[in-house]
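Here is the structure we will look at.
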Amino acid sequence: MSVEKPKNQKRSHGHSWLGSAAVALILAGTALCFTPIPGKVKQGLKEIFGTAPAARSVDEQDIYRQAESRIRGEIEEKQEQFEKEITALRKDLENARKKEPDDTQRATTPSSGALGSVTDVRKLRSGIPFKSEVTVGKGGIASQERVDEASFTASYHLQLRLPQAAKTLAELERSNPKLAKILPGLPAMIEKAEVSTWFDKIYQEKVTRIRRDANTLNEILTKHNLYDCESILNLRKENGQRVFFLQAEMDVVSDGSDGDRLPTMPDEIVNSSHYQPFTSYGWKKRGSGVNPMIAGWEGRIKGAEKELAAAGTTVDRKAWLKERIGYLKRGINDLKARSFLIAEYDPFIVIPVSILTSSDPFAPKAGDYAVVVHGEKIYPAIVGDGGPSFKVGEASLRMAVEINPKASSYSRPVSDLKVTYLVFTGSRESEKGPPDYEKWRQKCHELLQEMGGLGEGYQLHQWEDKLPKPTPPPAAVESLTPAPPTSAAPAPGAAPE
């Protein structure tokens with residue numbers, strides 16, 4: 001965490017400090033850039049999937065593929081950002097050297113400052129109130145203080161409160177006062193509901209990350225992202241079917257691709273190293289359309305091969321490039337063999353991967369039918385993707401824009417905890433396939449009917465297929481040459497002469 005310097009503070013160190021800082025930070029940046037990403041990816045996947053055997057079902061393979069792609073994207077994005085910061089640092093240091101005054105013009109600061117404590121209170125960008133305090137006392141001679149560990153110490157105390165799950169109808173209706181009117185059968189189910197163990201598990205996962213990041217002085221979760229889940233409940237219908245009930249905010253995902261339904265995509269997406277072409281819900285390719293993301297991934301392979309052949313590429317960098325090329329080739333094979341949802345066009349919700357892959361009988365699976373309630377609107381959907389294990393409340397860009405037209409890949413549609421997600425556990429189709437919005441709507445209608453249906457005046461949203469349709473070939477131009485005469489025949493119904 002950085003603290004701004006007072007505006008009137010003058011620099012008391014010169015060229016030597018600049019050079020040391022440059023060397024230290026550039027070396028740190030170089031070390032980060034060439035830190036083996038495969039190890040980080042494996043660790044991230046191990047945290048999600050544990051030590052399960054490599055043999056996986058097709059369903060698990062789709063989830064694993066998407067999770068690996070997401071983790072790699074996050075790591076590589078941070079790596080690229082760090083490289084940009086290192087480049088900017090070099091430039092700043094060079095400019096500072098040019099402007100640095102000579103020794104006779106340097107400003108000096110007093111060798112000793114006022115004793116006592118100076119406290120600075122501010123709010124971090126993460127929304128966390130931050131108090132820093134510097135206390136100065138009298139010590140002995142410098143050679144003694146240098147070896148005394150108690151002479152110069154720091155502590156970092158972070159305090160947070162873990163929330164309890166909303167579980168009564170009154171608590172749940174703080175997020176949506178009309179919940180019982182929209183879903184008249186819900187109050188009876190709430191009375192018998194149990195708080196899901198996933199509520200505590202997700203918040204414990206957040207705490208684990210905060211402790212880890214605080215221990216290394218890394219950027220920690222924002223207060224907004226810490227408190228992103230209002231409740232997770234296990235519900236049962238009268239017929240015994242399980243319902244996974246979640247109240248949270250709504251963030252946006254913009255992943256996915258399908259050459260059969262969307263053969264062209266914008267160049268900025270195709271050539272992006274961060275766009276994820278996979279979703280956890282996928283199916284065996286049915287058409288002959290080429291996935292447009294393949295071209296971008298092939299271009300990344302060519303770039304990696306070019307760098308691999310360059311004379312100045314280090315041994316560590318070559319090892320990283322070879323591993324990356326292997327990953328890209330595996331991804332291309334997947335894109336040729338399977339199709340996936342497209343977040344810009346398909347309405348789906350996102351559930352943490354740790355839940356999707358668990359054995360919890362209430363845990364949703366990819367493809368399970370779901371409804372999303374926001375305000376007085378009810379949207380049919382499916383569970384289409386897996387997200388981070390420390391975050392809940394996400395949906396596809398199509399869903400987000402329908403709820404809030406101002407939503408985008410960089411702007412969430414709902415920041416407050418006012419979205420209710422109901423997933424009908426075990427309701428997915430036995431065979432996955434391309435989205436059928438009307439079928440999804442009808443199935444969600446039937447599942448809602450089993451829990452009391454919708455209240456009077458409410459109905460499920462009807463999704464429109466907005467995928468670009470292929471332009472039909474131009475109609476054949478009729479010949480201007482008169483058709484040859486045909487043999488004379490009496491007109492239908494004409495009396496014979």
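The values are calculated or read from the model by the stated rules, or taken from the named source; none is laboratory data. On a predicted model such as this, the values are computed, not experimentally measured, just so you know. Counting neighbours? That spans all protein chains shown, and the Cβs are built from the backbone with ideal geometry, glycine included. Just so you know, the surface numbers come from the protein's heavy atoms only, side chains and all, with ligands and any DNA or RNA stripped out. Shrake-Rupley method; radii C 1.70, N 1.55, O 1.52, S 1.80 Å.
Peptides 382-393, 274-285, 147-158 ranked from most to least packed give 382-393, 274-285, 147-158, packing being the mean of other C-beta atoms within 10 angstrom over each peptide's residues.
Between Ala180 and Tyr410, full extension at 0.36 nm per residue minus the direct alpha carbon distance yields a gain of 79.5 nm. For region 383-473, carbon and sulfur atoms together expose 46% of the accessible surface, with a 1.4 angstrom probe and every protein chain in place.
Once backbone amide H atoms are built at 1.01 Å from N, Tyr345 has Arg398 as its partners under 5 Å, excluding neighbours fewer than 5 places away on the same chain.
Separation of region 204-273 from region 393-425 is 11 Å, based on Cα centroids.
Each residue of region 278-295 was assigned a 3J(HN,Hα) from its phi angle through the Karplus expression (A = 6.51, B = -1.76, C = 1.60, θ = phi - 60°), giving 9, 10, 5, 9, x, 8, 4, 4, 10, x, 9, x, 7, 5, x, 6, 4, 4 Hz with x at Gly and Pro. Here the 3J(HN,Hα) profile of region 304-318, calculated from phi with Karplus coefficients 6.51, -1.76 and 1.60 at θ = phi - 60°, is 5, 5, 5, 5, 4, 7, 5, 5, x, 6, 6, 4, 5, 5, 5 Hz, Gly and Pro shown as x. Pairs to check: Lys167/Lys365; Lys167/Lys206; Lys285/Lys318; Lys322/Lys365; Lys178/Lys206; Lys336/Lys365. Give those whose C-alpha atoms are more than 27 Å from each other in this structure. Cα-Cα > 27 Å for Lys285/Lys318; Lys322/Lys365; Lys178/Lys206; rest within.
Put simply, the amide H of Val252, placed in the peptide plane, has neighbours under 5 Å in Ala395, leaving out anything fewer than 5 places away on its chain. The mean accessible area for residues of region 211-367, using a 1.4 Å probe and ignoring ligands and nucleic acids, is 43 Å² per residue. Atom-type composition of the exposed protein surface of region 232-352 places 51 percent of the accessible area on carbon and sulfur (1.4 angstrom probe). In order along region 382-398, the phi-based Karplus estimate (6.51 cos²θ - 1.76 cosθ + 1.60, θ = phi - 60°) of 3J(HN,Hα) comes to 10, 6, x, 8, x, x, x, 6, 10, 9, 9, x, 9, 8, 5, 4, 4 Hz; Gly and Pro are listed as x.
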